[in-house]
Amino acid sequence: MIDLINGGTAENAKKLLGKKLLIEHDGQLVGGYIVEVEAYLGVVDMAAHSYNGRRTPKVESMYKAGGTIYIYTMHGHNMINIVMQKEGVPEGVLIRGLQPTDGIELMQANRDVESFNLTNGPGKLTKALGITREFNGTTLNTGRIRLDEVGGRTPKKISSSPRIGIPNKGKWTDKPLRFYVEGNPYVSVTPKRKMREASTTWNVK
């Protein structure tokens with residue numbers, strides 16, 4: 001099991017790959033395997049909302065204990081983050097890509113999109129999953145958002161890169177804190193020539 005309180009945030013980000021993120025809507029589960037994440041390392045990280053100890057009502061959830069859900073809005077899209085570390089240490093992981101497995105028809109109806117474009121980006125997946133700001137500040141596995149570690153898969157290969165859309169943040173712009181399942185078509189900004197059949201990007205159980 002992932003230690004969301006004591007484990008390192010970057011290491012936990014990699015461990016989230018292949019785990020199932022599930023949301024319950026009126027008794028129906030929607031979700032899938034996490035295939036892309038970004039780690040944000042709190043007060044020292046110039047790209048983090050909590051950089052330099054910034055603490056406002058909008059980022060207050062980041063200061064809660066590991067396992068708290070932090071939702072913020074960018075360009076009209078909701079972004080889902082899982083808070084890491086003990087209370088008062090504002091680090092977290094942004095979920096950027098998801099391979100759908102459960103409730104796919106509902107997800108497609110939510111976005112009116114099919115294929116890998118359904119959830120290959122942080123704003124796309126939250127719309128497909130029906131994630132709104134009402135989830136902000138809730139706790140993983142105690143409400144409608146769950147992380148299923150038992151039913152997950154193991155990536156065949158995990159790759160890393162600088163985070164997406166982080167300009168002008170000094171050394172933090174180039175730090176390789178984005179992790180993804182290499183070749184999975186549900187990873188954002190993946191050229192088609194590098195995409196593989198999703199099933200081939202996981203180790204066989």
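Going by the structure shown, is Y180 within 21 Å of A48 (Cα to Cα), under 16 Å from the mean Cα position of the chain (by Cα), among the hydroxyl-bearing types (S, T, Y) and surrounded by 12 or more Cβ atoms within 10 Å (Cβ to Cβ)? Explain how you work it out, then say what you get.
On the way: within 21 Å of A48 (Cα to Cα): yes; under 16 Å from the mean Cα position of the chain (by Cα): yes; among the hydroxyl-bearing types (S, T, Y): yes; surrounded by 12 or more Cβ atoms within 10 Å (Cβ to Cβ): yes.
It is true that Y180 is within 21 Å of A48 (Cα to Cα), under 16 Å from the mean Cα position of the chain (by Cα), among the hydroxyl-bearing types (S, T, Y) and surrounded by 12 or more Cβ atoms within 10 Å (Cβ to Cβ).
Just one of the listed residues (N120, N78) is part of a loop (DSSP other than H, G, I, E, B), at pLDDT 95 or above and under 25 Å from P191 (Cα atoms), and it is N120.
When N136 is tested against (1) in contact with a Phe, Trp or Tyr (Cβ under 7 Å, 6 or more places away or on another chain); (2) under 24 Å from M195 (Cα atoms), only condition (2) is not met.
Condition check ((1) touching a strand residue (DSSP E or B) at 6+ places or on another chain (Cβ under 9 Å); (2) within 17 Å of L17 (Cβ to Cβ); (3) of a type in the set (G, A, S)) across all residues:
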residue	(1), (2), (3)
N117	no, no, no
R153	yes, yes, no
R163	yes, yes, no
P167	no, no, no
P185	yes, yes, no
S188	yes, yes, yes
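Of the listed requirements (1) touching a residue at least 60 places away in the same chain (Cβ under 8 Å); (2) touching a helix residue (DSSP H, G or I) at 6+ places or on another chain (Cβ under 9 Å), P167 misses just one: (1).
Within the group G66, G88, which residue is modelled with pLDDT of 95 or more, touching a Leu at 6+ places or on another chain (Cβ under 7 Å) and assigned to a loop (DSSP other than H, G, I, E, B)? Give the steps one after another, and end with the answer.
Working: G88 fails: touching a Leu at 6+ places or on another chain (Cβ under 7 Å).
Result of the check over G66, G88: G66.
The values are calculated or read from the model by the stated rules, or taken from the named source; none is laboratory data. Source: prediction; values computed, not measured. Here the Cβ is made from the backbone with ideal geometry for all residues, glycine too, and neighbour counts use every protein chain on show.
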